[in-house]
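Since every read-out is calculated from the coordinates, none of them should be taken as a lab result. Predicted, not measured: the structure shown is a model, and the values here were computed from it. So basically every Cβ, Gly included, is an ideal-geometry build from the backbone, and we count neighbours across all protein chains shown.
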Amino acid sequence: MLDRAVIDALFPADLPEPEHWEQQYPARELPEGALVTRFGPSPTGFVHIGGIYVATIDQDLARRTGGRYLVRVEDTDQSREVEGALEQFERGFTYFHLAADEDTGRGGAYGPYQQSARERIYLTYVRHLLRQGKAYLDFATKEELAAITQRQQATKLPTGYYGSWAIWRDADPADVQAKLDAGAPYVVRFRAPDDTGARARFTDAIRGPLEAEANRNDVVILKSSDQSPRLPTYHFAHAVDDHLMRVNLVIRGDEWISSVPVHQQLFDALGFEPVTYAHIAPLMKQEGGSKRKLSKRKDPEASVDFYIEAGYPAEAVLYYLRGLANGRLAELPLEQALAEPIRLEECGVAGPLVDLVKLDDIAADHIATLSGADILAAVRTWAERFDPELRGVLDDEPELALRALAVERDGVENPRKDLKKWSDFRPVYGFFFPRLHAAVTGPDDERIAALGVDREVVQAVARDFAADYRQLDDGQEWFEQIREVAAKHGFARNAKEFKKNPDAYPGSIREASQIIRIALTGSTRSPDMHAITQALGRDEVLSRIEPLTK
RNA sequence: GCUCCCAUCGUUCAGCGGCCUAGGACUCCGCCCUUUCAAGGCGGCAACGCGGGUUCGAAUCCCGUUGGGAGUACCA
């Protein structure tokens, strides 16, 4: 073991003792059973939808029990940091209503909430462990480490830094001193307790009792001394931060299960009360015949920006996610499901595939419950960032927008489910606005041509329709106009008749009405035509028919 | 390789020893409604990976096997 003086010389002289931090961050005064949770995003990329999933659970549990929900930025790997990640986090959290009770922006008594700003705290505890001989200095180079791993693999031994492979574990203090004098960089490793064959046991809040081999690896706890700031590895930061922030429930992805044995040893060595763990099954993605974790790099839908850019309502996404976590919530109506508690013991243990088709369905259902005014407000907000032209049009003609949205929505028992996300507004309702409408160019327009009606007939229908056009209030009467024109030009009365004898007619009433629909909306799909003409007004209707008459 | 975790329709959630000839939702396919596309209504296809136990009785418990996932970093 190293002399205390040698150890202390490695740290700032004014570095506080553990008691200092213990007093600065006392136990929280919270009601019995209050859960303190934390979400720890790492700024090595965008927030993952799986992060939203976990953060939702963190927030729900804390709120529900009168506890606290923290967001702590886990930026101990400065080399992998991505520009703009923090801003992206904030966008994501804001969009999904997941703002923390305590974080860097909002502050809190247990900060800083960014690991890179907690260097001194970590150093205190590293020194503490060093002084007790529970940690040691390791000068092994990258090459030496690689060689060790290689030899272990060759002999089919477990890889790692342990036992006789741990070349600096029981090094002669004189050798250590010599390295130090030579200015060699070192890391600090945790001295794994020597309990070969022991089992590590713990109870996961989701999975129940779990066990594994006790850890015997001397994991790195403090990264290389040639870097500044000197930061800890995840394992050590987890122990120190969650203890000092008085977190009592750690919810994280199940890729951490295998690290629990190390974490237990670390908590124990540090003299910390153990925390409860809840390991969540990660969101998956179908690839070929198998599943794999949703990947930030390969899957666009892994990023929260995907949902924000497309304009999925946050409530719909949250509802979907909660349903994945607790099946019970998926059976409830959205509003109720959002208000009901998430229960850890009901969380699934196998990773669910994210199903965008299902999300679409949920979102369409949800938007169908909204009023035209609410939809307009949401679309305007979305368009401000993602479709400025649409935003401008909406601002200029809010009344028209409202009239458009009212079609088959206001006063209807089953509103039309044609909007899954805000970006659908333009393709579905854009035609209402003259500035966004892609008018037909004439009888040869390919959308019209696709109907298979002779161009002369199209022209004739359009001419006759326009010539006698009346802007009627009654939908039935209004449609009679199409019927009359269709009959006059020999269209079949219904699709069946036409199908029976296609050569006898230029088309059926179906084709006749589609001619008008395409002229009016530019598409074969649209809300009720009569309602559309009401919203558009007589002049606009006629001007949209007009190109077909030439 | 080693160590963990997991396993019900295509997807998702339910089922926690008999109520299961396995249920709901999404998808898909029919049919109805209808001037189109939708929406809506009705109906249908479709699963307990496999093999052993335990038990009067197993999707449910145990063991094995297969398959999938994760970890095995000075990444988190």
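If you plug the beta carbon distance of A:Glu309 and A:Lys499 into 1/(1 + (r/R0)^6) with R0 = 35 Å, you get a FRET efficiency near 0.20. Scattering from chain A was approximated by placing one identical point on each alpha carbon and applying the Debye formula without solvent; log10 I(q)/I(0) at 0.10, 0.12 1/Å stands at -0.90, -1.14.
Stretched out straight at 0.36 nm per residue, the stretch from A:Glu213 to A:Gln150 would grow longer than its current Cα-Cα span by 20.4 nm. Note on chain A: helix-only mean residue ellipticity at 222 nm, from DSSP H runs of 4+ residues weighted -39500 (n - 2.57) and normalised by residue number, equals -13000 deg cm²/dmol.
Ranking of A:Met1, A:Met284 by neighbouring Cβ atoms within 10 Å, starting from the fewest: A:Met1, A:Met284.
Exposure proxy shown here: for A:Tyr186, A:Tyr53, the number of other Cβ atoms within 10 Å sets the order, fewest to most, as A:Tyr186, A:Tyr53. Counting every other Cβ atom within 10 Å of each residue's Cβ, A:Glu102, A:Glu413, A:Glu273 order from fewest to most as A:Glu413, A:Glu273, A:Glu102. For chain A, relative contact order (Cα pairs under 8 Å, six or more residues apart, normalised by length) works out to 11 percent. In a fully extended conformation the segment linking A:Glu22 and A:Glu389 would gain 126.5 nm over its present Cα-Cα distance, using 0.36 nm per residue. Take every Cα pair under 8 Å whose residues are at least 6 apart in sequence, average their separation, divide by the length of the stretch A:151-284, and the relative contact order is 23 percent. In this structure, the pairs whose alpha-carbon distance is over 30 Å, taken from A:Lys298/A:Lys421; A:Lys291/A:Lys421; A:Lys134/A:Lys293; A:Lys223/A:Lys293, are A:Lys134/A:Lys293. Within straight-line reach of A:Lys550, meaning a Cα separation under 25 Å, sit the following lysines at least 8 residues removed in sequence or on another chain: A:Lys488. Take the convex hull of the alpha carbons in the stretch A:241-350; its mean projected area over all directions comes to 9.3 nm². Does the stretch A:5-103 classify as rounded, prolate or oblate by the C-alpha gyration tensor (a ≥ b ≥ c root eigenvalues; a/c under 1.5 gives rounded; else a/b over b/c gives prolate, otherwise oblate)? Oblate shape, in that a/c is at least 1.5 and b/c is the bigger or equal ratio. Here the gap between A:Thr44 and A:Arg455, fully extended at 0.36 nm per residue and compared with their Cα-Cα distance, gives a gain of 142.1 nm. Of the beta bridges in the stretch A:191-305, as assigned by DSSP with both residues counted there, near 65 percent are antiparallel.
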